[in-house]
Amino acid sequence: MSGLKLSALRYLGVAKEGTYGTPATTGIRWLPMRGPDTEEEIKYLIDNGIRGIAAEEFGAYQGVTNGSFKYDLDWYVTDTPLILTNILGPDTKTGTTAPYTHTFQLAAAEPASLTVHDYDGVDQLYGAGAYLSQAQFKLDAEGALTCSVQGKSFAPVSESTSVPSYASEPYFLGWEAALNLAGGPNTRLVTLDVTLSRKLTIRWTANNTQTPRFIFVGPLKVSWKATFDIEDDTEWNYFINNTQPAFVATLTQPTTTNTVKFQMSKCAFTKAQKVSSKDWIQVDASGSGLWNATDAGPILIAVGNAQSAAY
């Protein structure tokens with residue numbers, strides 16, 4: 001026996017915290033993931049005081065600490081939406097029978113924090129006080145809807161191993177999407193990236209602990225880029241004329257009641273380029289979701305599923 005640890009045994013769970021920085025150990029959502037990249041970041045302080053000795057360093061001391069993480073997720077409609085409460089805002093649940101609608105909009109203040117639970121095949125660690133600095137959604141007509149997330153937390157702490165359980169539902173596929181652009185259907189969307197980002201600033205104070213006092217969450221920025229097949233100048237003109245149309249992409253699983261909708265009711269096309277490198281012409285466009293009253297922010301994301309309780 002080699003004694004090596006199988007990386008496929010790794011698992012990830014997230015839970016919303018009731019009180020900021022207090023580890024959430026119940027209500028954990030277990031999320032299938034790929035490409036985990038985690039680190040316990042420790043700021044080491046080096047003693048390099050000159051002592052009349054031909055050596056440069058004489059001591060190393062641990063300063064402040066925190067955790068960082070990155071994961072690639074497929075978008076499952078029941079458990080994965082919990083992360084939207086962390087980078088976007090609270091869930092407003094509507095409906096009395098399934099499918100219930102869960103609408104996530106920009107939080108008036110800081111959004112809810114998470115505890116990240118990660119078993120790496122050797123140890124299970126939790127990182128409390130976690131916030132996402134980025135959630136990047138990618139949709140490909142020939143692929144799936146994925147979301148790459150990254151963020152910061154308090155320093156990881158050891159905990160007992162869990163027994164994760166996962167929903168049996170499928171994840172969303174790219175061909176299940178339908179785009180409504182400027183109030184009408186648009187069938188030419190090939191790929192779409194939507195990135196939600198916030199600047200995180202870790203704040204330590206002199207209070208006899210290496211742990212951060214809090215992680216400060218900056219304003220939300222929404223950027224996007226998309227590729228369209230060209231039949232006319234419709235998409236190009238949004239860029240040329242600064243039209244800022246409503247952009248609504250909705251994925252619907254045909255065998256379930258599950259949906260997910262990305263809505264930017266004021267969508268700025270700030271860059272566009274016609275591409276002729278293929279046998280046909282496409283346009284690569286990019287821009288920003290702008291704050292608007294309809295979405296009460298730069299973007300609204302709504303999920304339809306059978307979960308009756310708000311996230």
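Points worth noting:
- Cβ pairs under 8 Å, 6+ apart, first in region 87-101 and part of a loop (DSSP other than H, G, I, E, B), second among the polar types (S, T, N, Q) and loosely packed, with under 15 Cβ neighbours inside 10 Å: Ala98/Thr257; Ala98/Ser308; Pro99/Thr257
- Selection within region 34-67: residues that are polar (S, T, N, Q) and in contact with a Lys or Arg (Cβ under 9 Å, 6 or more places away or on another chain). The member of this set that is surrounded by the most Cβ atoms within 10 Å (Cβ to Cβ) is Asn66.
- Qualifying residue in region 230-242 (condition: surrounded by 13 or more Cβ atoms within 10 Å (Cβ to Cβ), part of a strand (DSSP E or B) and either of a type outside the set (Ser, Thr, Tyr) or modelled with pLDDT of 95 or more (or both)): no
- Whichever residue in region 153-201 is of a type in the set (Phe, Trp, Tyr) and farther than 30 Å from Ser288 by Cβ and, among such residues, is surrounded by the most Cβ atoms within 10 Å (Cβ to Cβ): Phe154
- Checking Gly121 against (1) buried (at least 23 other Cβ atoms within 10 Å of the Cβ); (2) under 17 Å from Leu12 (Cβ atoms), the condition it does not meet: (1)
- Region 202-229, subset surrounded by 17 or more Cβ atoms within 10 Å (Cβ to Cβ) and of a type in the set (Gly, Ala, Ser), residue farthest from Ala155 (Cα to Cα): Ala226
Listed here are the residues, each with its yes/no results for (1) under 30 Å from Ala108 (Cβ atoms); (2) assigned to a loop (DSSP other than H, G, I, E, B); (3) in contact (Cβ under 8 Å) with a residue 24 or more places away in the chain; (4) among the basic types (Lys, Arg).
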{"position": "Lys5", "(1), (2), (3), (4)": "no, yes, yes, yes"}
{"position": "Pro36", "(1), (2), (3), (4)": "no, no, yes, no"}
{"position": "Lys43", "(1), (2), (3), (4)": "no, no, no, yes"}
{"position": "Ile46", "(1), (2), (3), (4)": "no, no, no, no"}
{"position": "Ile50", "(1), (2), (3), (4)": "no, yes, no, no"}
{"position": "Gln62", "(1), (2), (3), (4)": "no, no, yes, no"}
{"position": "Thr65", "(1), (2), (3), (4)": "no, no, yes, no"}
{"position": "Tyr76", "(1), (2), (3), (4)": "yes, yes, yes, no"}
{"position": "Ile83", "(1), (2), (3), (4)": "yes, no, yes, no"}
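- Total residues in region 6-33 satisfying the condition of being farther than 28 Å from Pro212 by Cα and surrounded by 11 or more Cβ atoms within 10 Å (Cβ to Cβ): the figure is 1.
- Which numbered condition Lys70 fails, given (1) free of Cβ contacts under 8 Å to residues at least 24 places away in the same chain; (2) surrounded by fewer than 17 Cβ atoms within 10 Å (Cβ to Cβ); (3) within 23 Å of the chain's Cα centre (by Cα): (1)
- Residue that is surrounded by the most Cβ atoms within 10 Å (Cβ to Cβ), among those in region 243-258 that are part of a strand (DSSP E or B) and among the aliphatic types (A, V, I, L, M): Ala249
- Exactly one residue out of Thr195, Thr201, Thr209 is on the phi < 0 side of the Ramachandran plot, without any contact (Cβ under 8 Å) to a residue 12 or more places away in the chain and out of contact with any helix residue (DSSP H, G or I) (no Cβ under 9 Å at 6 or more places or on another chain): that is Thr209.
- Flag for Thr94 being crowded, with 19+ Cβ neighbours inside 10 Å and either of a type in the set (Val, Ile, Thr) or modelled with pLDDT under 95 (or both): no
- Residue count for region 133-143, restricted to those that are of a type outside the set (S, T, N, Q) and part of a strand (DSSP E or B): 5
The values are calculated or read from the model by the stated rules, or taken from the named source; none is laboratory data. Model, not experiment: these values are computed from the prediction. A quick note on method: Cβ atoms are made from the backbone with ideal geometry, for glycine too, and the neighbour counts reach across all protein chains shown.
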